[in-house]
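Report on the following structure.
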Amino acid sequence: MDATDVPAISVSHLCKIYGNYKAISDVSFTVKKGEIVGFLGPNGAGKSTTMRILAGLQPGTSGTAEICGVSVAREQFKTKSFLGYMPENNPLPLDLRVKEYLSFRARLKDIPADKVGKRVEEVMAACDLARTARNKLIGSLSKGFRQRVGIADALLSEPDVIILDEPTIGLDPHQILGIRKLISSLRGKKAVLISSHILPEIENVCDRVIIINTGVVVANGTPEALRREFLPTRHFVVTTSAGTEELAAILGVPAEAISENEQGQKLIEFPKDADCEGLLSKFEAAGVALSEFYEKKASLEDVFLAATQRVYDITSSLK
Amino acid sequence: MRHFWTMFCHELRLLFISPSTYVAAVVFLTLMGGIYWFAIQQAALAGQQELLPVEIFFQLFWVPLFILVPLITMRSFAEERATGTLAALMTTPTHPLTIVLGKFFAAYVLYVLMWALALLFPVLAWYLLKDFCPDPRLLSLPSLIGGGIFVALSGLLYISVGILASSLTRSMLVASLLTSGALFVLIVMGGLLQLLPLETYESLSWLREPADYLRTFKHLEDFYGGVVDSRPFFLFTLGTVLSLILTTLNIQSKA
């Protein structure tokens, strides 16, 4: 295999058991270099456990985890040098100044002494910390600025792999936009694995989404591919003076597939494999005037709920 | 070990900006000043053949230890564990042993510095009193140096035990209580073992020598009496290494 073909993150049949509790069981996925991947799941699904194993903070019970082709279990210190990790809740020493803290972390991350100052300035500029926060005590910073310090720390050593555990939690919309831009700027350069509960955020930033539930990967693909896989129907919104029966006859669907909302819009449901290409021409042929017509795109939230619900259904049927 | 200096300087800096360090310094130096005042009074009342003020001073070395060591060491791992910064530290390519050694030596330097300041009391007392009370007992340099070496040597073990206790818990209060308890056991253990009726039971007679070896005050007396034995060096260094290894294993398994 060519060195460029080696995945940035490779997890294979990873399992972690605490006593009688299985935190993750048989988790497998890969992240390519330059790819931004969202890692989603309900609370307690095993996201943070997987990320902590990748960061070398705890060993897995079985399976393998590799960073840039190097086993995390066998060469922990080598994989840590490839990795920038921002843990959940972003723990920071409150009585240090931003610049002091980043300089300390830079030295621990093997940045040569003569380049520490320059690199710290670069990440502070990238994370918008240089103007107002550089000499402030971390304890006096707002939540948004602290998150930026955590992200700046993860970027410090220009690692090949960046893992961010809930980077946008507790941020206001302006701050989220800033972080989104920052993460998007890493596309094509670094492999980024982000866990978040803010699903529109993930959809905006990520190339691919992995959904984990009860310690198992339940979905893995682009948001579009997951929509096709997990959602059984497509929905179109139509605003017209024609009645439900008339629309059903024109489109050849049962009347129960059409519903109307409070704004007078009609929502038409089709099976996901139905041919929806010629819908507009059908209306035109029937002489029905439309003031609005579009396909209602299912959100990532719908995919998330469908994917996680499927596992609940399977596990409860097994009990 | 390439990150040792980074860790050491960082930890030393954190200790110097921590209010608990200054609380420890004030309490420790006040107590040591009081103890030396008491030692001078006792020496003045006693005859020429009795103990020197410095010897009385060193015999009470354990009193401020229960305050100084916990206050210096309790933050080292307990606070980092409670705030989660230990996990962040462990995500860097820094070996856990380097982290432990950085914290240990920073705390040890502070401990030695505090004692160095406390040992200025005998020198100051001699300097201030030398004109109107030219008593040679006021400054006995061999006893002062011997006692100082003992304090520095035993401090290695006491600080390492404090660091170990701090790595066992997230609570600084629990860490300081654990440290005080462990220090009490370490200091009085040898004496307590000697109180056992070792002579009465044949099967326990082998304990006599180890109990004698573990007597902290006997080693102290040897040092300020000018006898520098290799056995206490071995005892304190071995205990220190053991504590630091246990601390490293502990933070490695529970970051």
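Computed from the coordinates by the stated procedures, all read-outs in this text should not be read as laboratory data. Keep in mind it's a predicted model, so treat the numbers as computed, not measured. Glycine gets a Cβ as well: all are built from the backbone with ideal geometry, and neighbour counts include every protein chain shown.
In summary, the helical segments of chain B meeting the span-like criteria, namely a full DSSP H run, a Cα extent along the axis of 18 angstrom or more and a mean Kyte-Doolittle hydropathy of at least 0.5, are B:4-17, B:19-45, B:62-83, B:96-118, B:141-167, B:172-195, B:230-253. If a/c stays under 1.5 just call it rounded; otherwise compare a/b with b/c (prolate if a/b is bigger, oblate if not). Do that for the stretch B:16-111, with a ≥ b ≥ c from the square roots of the Cα gyration tensor eigenvalues. Cα axes put the stretch B:16-111 in the prolate bin.
Legend: helices of chain A (whole DSSP H runs) are marked when their alpha-carbon atoms reach 24 angstrom or more along the helix axis and their mean Kyte-Doolittle hydropathy is at least 0.0; marked are A:300-318.
Of the residues A:K296, A:K143, A:K47, which exhibits the maximal mean-square fluctuation in a Gaussian network model of chain A defined by a 10 Å Cα contact cut-off? Ranking A:K296, A:K143, A:K47 by mean-square fluctuation puts A:K296 first.
For a test of the definition: using alpha carbon positions, the gyration tensor, and the 1.5 limit on a/c, classify the stretch A:177-240 as rounded, prolate or oblate. Spell out each step's value before the answer.
Values: a/c = 2.33, a/b = 1.37, b/c = 1.70.
It comes out oblate by the Cα gyration axes.
In this Cβ point-charge picture (+1 for Lys and Arg, -1 for Asp and Glu), chain A has a dipole of about 1860 debye about its Cα centre.
Using a cut-off of 13 Å between beta-carbons, work out the net charge of the residues near A:I53 (Lys and Arg +1, Asp and Glu -1, A:I53 not included). Working shown, then result.
Numbers: positive: A:K16, A:K47, A:R52, A:K80; negative: A:E66, A:D165.
Net charge around A:I53: +2.
Given all pairs of different Cα atoms, what value in angstroms does the Kirkwood hydrodynamic radius of the stretch A:112-176 take? Don't skip to the answer; put the middle values down first.
Working: mean 1/r = 0.0796 Å⁻¹.
Result for the stretch A:112-176, one decimal place: 12.6 Å.
Think of it as helices only: each DSSP H run of n ≥ 4 in chain A is worth -39500 (n - 2.57), and spread over all residues that comes to -10000 deg cm²/dmol at 222 nm. Convex hull volume per residue, computed on the Cα atoms of the protein assembly as shown, equals 232 Å³.
Give me the dipole magnitude in Debye, nearest 20, for the stretch B:4-253 about the Cα centre, with unit charges on the beta carbon: positive for Lys and Arg, negative for Asp and Glu. It would help to have the intermediate numbers written out before the result.
Numbers: 11 positive and 14 negative charges, 141 e Å.
In debye, rounded to 20, the stretch B:4-253 gives about 680.
Between B:L164, B:A125, B:L235, the Cα set farthest toward the positive side of the dipole of the stretch B:123-255 (charges on each charged residue's Cβ, about the Cα centre) is that of B:L164.
Reported to the nearest whole Å, the Cα centre-to-centre distance from the stretch A:21-46 to the stretch B:86-138 is 49. Across chain B, Cα-Cα pairs more than 28 Å apart make up 40 percent of the total.
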